[in-house]
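The structure appears right after this line, and notes come after that.
The values are calculated or read from the model by the stated rules, or taken from the named source; none is laboratory data. Keep in mind it's a predicted model, so treat the numbers as computed, not measured. Here the Cβ positions follow ideal geometry from the backbone for every residue, glycine too, while neighbour counts run over all protein chains shown. Note: accessible area is taken over every heavy atom of the protein model, side chains too, but ligands, DNA and RNA are not part of it. Shrake-Rupley method; radii C 1.70, N 1.55, O 1.52, S 1.80 Å.
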Amino acid sequence: MNILVADDESLIRASLRSMLDELDMPVHVIGEARNGEEAIRFVTERQPDLVFVDIRMPKMNGLEVMAHGRAASPHTKWIILSGYSEFQYAQEAIRLGACNYLLKPISLEEVHDSLTHAQKLHETHIMERNRQIEHAIVSSIQGRSGVSQGDHLLETLHCKASVFYFDDFLCDHEEHERQQRFIEALRSLIHNQSLTNSLYSLALSLPGGQPAILWSWPALHRYQALELQQKMERTVKHLLQDQLAASYAITTIQLEECSNMQAMAGQVEELQRVSSLRVLLPIGGNYPLSELNEMTERAECLPISIHVDNLRRLFRQEDYLGYLKAVDSLEKVWSGALSADQCLWRRIHEYISRALGFTLEPGTCGDQASWFALLKNHGDRMLSQASRHDYSSKNIVQQVIAYVEQQYMHDIGIKQIADMFHVTPNYLSSLFHKKHGSTFLKYVTETRMLKAKELLLKEPHLKVQEVAEAVGYYSPRHFTKLFTDYFGCYPSEFRERNKLDAFL
């Protein structure tokens, strides 16, 4: 936390600084104020996380400083210092939202307890703000309005981001697990280094599943924010080096600083369009988005990179026929003007070797026909791997089906079940669709509709609302619409038809 100490007595300021140093807590005194006007000016300009403020100061007392300071910096927490125990002072301080009211002379224990309480409030505020920012950026990426009207801070936050691509030889399940572990490592890093209002940091998954770290800050705090952000970037670099030491290749794409969430969402959208171009760069490097954009000036680069990236995707998904077709498509594209480009040929071979576990030497461009033939033969490897992954994949899907059969009457979702199996929701959703042939949501709805039909037949005395609640719906209107979509009639109509059929 960044702290301001405001007291007209230099001895008190020095004593408080000394105690804060002695406590060895994650705090930093960024300034001092000798009177109320200095305190207000500092709070307005620097927006500290916490202010220790004396109740009696020249030019403006502590309560007045707090009242004005809250308007200039709403997130700032306040601890009142006073040589007076009058109830009215304490009462007014509490009304204004002070964390604590300490009577001089203050002890080290009192400072520790007050600081611990303020730290908890501060961390809660930062985490909530990070959630709001994550919602705003994800909504913006998805084309929805993510910023609440009137939220001036979110509207004016400056942003930067780094996106991480895992290009090793992995199946989909392994890639999703590794991405998830990396995101958790980023979140741990953020929690340890960046709980400050000068720099909001969050780790998230982009729509394609790629881990990303997003930094955002108020324009007023740009200098301090960039200093903190660069420090975090160095720590992320060490994290990436650890991954490299474990033989994991992660390519980083840097998104440039922009002045609002919408502009950042635009960069993410542009990255999704050109991200495949990373296959034409040395794997495991760190590149600005602008470098990928410059590569699009050579018309053939983007199409060839899309073919290579598609080859990787199909191999990971163990789509044997799709993979063979992709090799054919890549060979046809390559046989044109690109066939003599030795540098590009080496880059593509390096990428394919790493992403597909394909270790044969590329030779020369004149030998490309045999190289493509070997690439096709390499596809046979996925047939042997398929049996290795198939049992575990089918087993997960079977367990999901069993869980839905037992819990369909409760509020169940893909994220909740994915957490049970320690996989990501995106992975479980795609795996379920691939193995079962329908989406998870469609399967849950179908199960509930069949159970509702069974109840209407076996328990004709139940009201429609009771049937709806028994199969997991608490809106009779929503249940009735779904039932009508599935069976072509209202639940009550279905029951009456059944009674009539039984009578006849």
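For this structure, a couple of remarks:
- In this structure, the residue pairs whose Cα-Cα separation is over 24 Å, taken from K332/K376; K435/K458; K160/K415; K77/K104; K325/K415, are K435/K458; K160/K415; K325/K415.
- If you sort E184, E459 by accessible surface, 1.4 Å probe, largest first, the order is E184, E459.
- Estimated vicinal HN-Hα couplings, Hz - the stretch 484-492 in sequence order (Karplus 6.51, -1.76, 1.60; Gly, Pro = x): 5, 4, 7, 10, x, 7, 5, x, 5
- Whether the stretch 182-303 is rounded, prolate or oblate, judged on the alpha carbon gyration tensor where a/c under 1.5 counts as rounded: oblate
- Cβ-based charge dipole, the chain, positive-most Cα from W215, Q229, F487: F487
- Formal net charge of residues neighbouring L277 (Cβ-Cβ distance under 14 Å; K, R +1; D, E -1): -2
- From the coordinates of this entry, volume of the Cα convex hull per residue in Å³ is computed, and it appears in [x] 272; [y] 211; [z] 162 under the label [y].
- Options G284, Q267, T445, ranked by Cα towards positive dipole end of the chain, top entry (Cβ charges): T445
- Centroid-to-centroid, using Cα positions, the stretch 220-245 and the stretch 1-71 are 29 Å apart.
- Positive minus negative residues near G97 (Lys, Arg vs Asp, Glu; Cβ under 9 Å): +3
- Surface accessible to a 1.4 Å probe, per residue, for the residues of the stretch 393-504, Å²: 60
- Cut-off 15 Å between beta-carbons: net charge of the residues surrounding E123, Lys and Arg +1, Asp and Glu -1: +3
- Residue by residue, the stretch 343-352 carries 3J(HN,Hα) couplings of 4, 5, 4, 5, 4, 5, 5, 4, 5, 4 Hz when phi is fed to the Karplus relation 6.51 cos²θ - 1.76 cosθ + 1.60 (θ = phi - 60°); x denotes Gly or Pro.
- Under 5 Å, built H, 5+ apart or other chain: amide partners of L206: A212
- Here the chain has 52 percent of its accessible surface on carbon and sulfur atoms, given a 1.4 Å probe and all protein chains in place.
- Placing +1 on the Cβ of every Lys and Arg and -1 on the Cβ of every Asp and Glu, with no other charges, gives the chain a dipole of roughly 1240 debye about its Cα centre.
- Only DSSP H runs of four or more residues enter the estimate; each adds -39500 (n - 2.57), and after division by the residues of the chain the mean residue ellipticity at 222 nm equals -20000 deg cm²/dmol.
- Proximal lysines to K451, defined as alpha-carbon separation beneath 16 angstrom and excluding residues fewer than eight positions away on the same chain: K442, K463, K481
- Inter-probe distance in nm under a simple model that places probes 7 Å from Cα toward Cβ, at T124 and R346: 5.9
- Heavy-atom accessible surface of F421, to the nearest 10 Å², is about 50 Å², with a 1.4 Å probe and all protein chains retained.
- Percent of beta bridges antiparallel (DSSP, the chain, rounded to nearest 5): 50
- Per residue accessible area in Å² of the stretch 8-65, where ligands, DNA and RNA are left out and the probe is 1.4 Å: 50
- Entry comment: accessible area of the stretch 206-325 is 45 Å² per residue, from protein heavy atoms only and a probe of 1.4 Å.
- The angle between the Cα long axis of helix 87-96 and the main principal axis of the chain comes to about 30°, on a 0 to 90 degree scale.
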